[in-house]
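> The structure under discussion is supplied below as C-alpha cells; questions concerning it will follow.
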Amino acid sequence: MRRSFLTVGVALGIIAAWSIGRLQGQAQSDKVIFVSASHANFSEMQGSKGGVSTAPIWGDASAGAHGTFTKFVPGYDSGMHTHTNDVWIVGIKGAYLYKDEAGEKRVGPGDFLRVPGGHKHWSGGDKKEGALFYEESSGRFDLILVK
C-alpha cells in the first residue's frame, strides 16, 4: 500500500514538472512572431569577451525557454563545454562549427543541429565569415566549461 502511494506521488510530481515546463514554452504561443535577422537588435552576450552577440526573438534566455538569433565573430572559439538544456540550432549565414567525440560538423545555411543537454562539445565560428544562426532551447541558456 505504501509503495502504491509512493509510486502515485512520484508520477504526479513528474506530470506536474512536465506541465510547468510545457506551459513555460507555450507562454507566447497565441502570437505570430516574425523577425528578420538582418533587422534584429543584437547585443553582446555577457561573458563572451566580444565574440558572441544575440538578439532575442521570444522568451528569455536567462530565465527559461527561448529563441534567439546568435552571431559568432570569425574564428570564435567557445572551448569545450556543455549546456544544462538541449539546444537546437539552424544555420543562417557563415558556419557554426561543432566538434564532439563523434567528429566535426559544419552547420551552414539551412542545416540543423540538436545538442542534447549535458553533451560535451566544442563550438565556434567559421574563420572567414563567422556564424549567424537561430538557437532555441526549452530551458535557460548556460555554458559550462569542461576539460
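> Select from segment 107-147 the residues that are loosely packed, with under 14 Cβ neighbours inside 10 Å and part of a strand (DSSP E or B) and list them in ascending order.
Passing the criteria: Pro109, Phe112, Arg114, Ile144, Leu145.
> Within segment 28-37, can you find the residues that are exposed (fewer than 10 other Cβ atoms within 10 Å of the Cβ) and in contact (Cβ under 8 Å) with a residue 40 or more places away in the chain?
Selection gives nothing.
> Then there is this: For segment 55-80, give me the residue count where each residue is in a strand (DSSP E or B) and closer than 19 Å to Asn41 by Cα.
12
> Looking only at segment 81-97, how many residues end up being assigned to a loop (DSSP other than H, G, I, E, B) and under 15 Å from Val115 (Cα atoms)?
Here the count works out to 4.
> Residues that are under 16 Å from Gly125 (Cβ atoms), of a type in the set (D, E, K, R) and at pLDDT 95 or above: does segment 49-70 have at least one?
Within segment 49-70, none of the residues are under 16 Å from Gly125 (Cβ atoms), of a type in the set (D, E, K, R) and at pLDDT 95 or above.
> Confirm whether Leu143 is under 30 Å from Val32 (Cα atoms) and touching a residue at least 60 places away in the same chain (Cβ under 8 Å).
Criteria met by Leu143.
> Still on this model: Quick check on segment 38-81: of everything there that is among the aromatic types (Phe, Trp, Tyr) and within 13 Å of the chain's Cα centre (by Cα), which residue is surrounded by the fewest Cβ atoms within 10 Å (Cβ to Cβ)?
Taking the candidates together, the pick is Trp58.
> In segment 82-106, which residues are aliphatic (A, V, I, L, M) and either under 20 Å from Ser138 (Cα atoms) or surrounded by fewer than 14 Cβ atoms within 10 Å (Cβ to Cβ) (or both)?
Those that are aliphatic (A, V, I, L, M) and either under 20 Å from Ser138 (Cα atoms) or surrounded by fewer than 14 Cβ atoms within 10 Å (Cβ to Cβ) (or both): Val87, Ile89, Val90, Ala102.
The values are calculated or read from the model by the stated rules, or taken from the named source; none is laboratory data. If you're wondering where the values come from, they're calculated on a predicted model, not measured in any experiment. Positions of Cβ are backbone-derived with ideal geometry, glycine not excepted, and every protein chain shown enters the neighbour counts.
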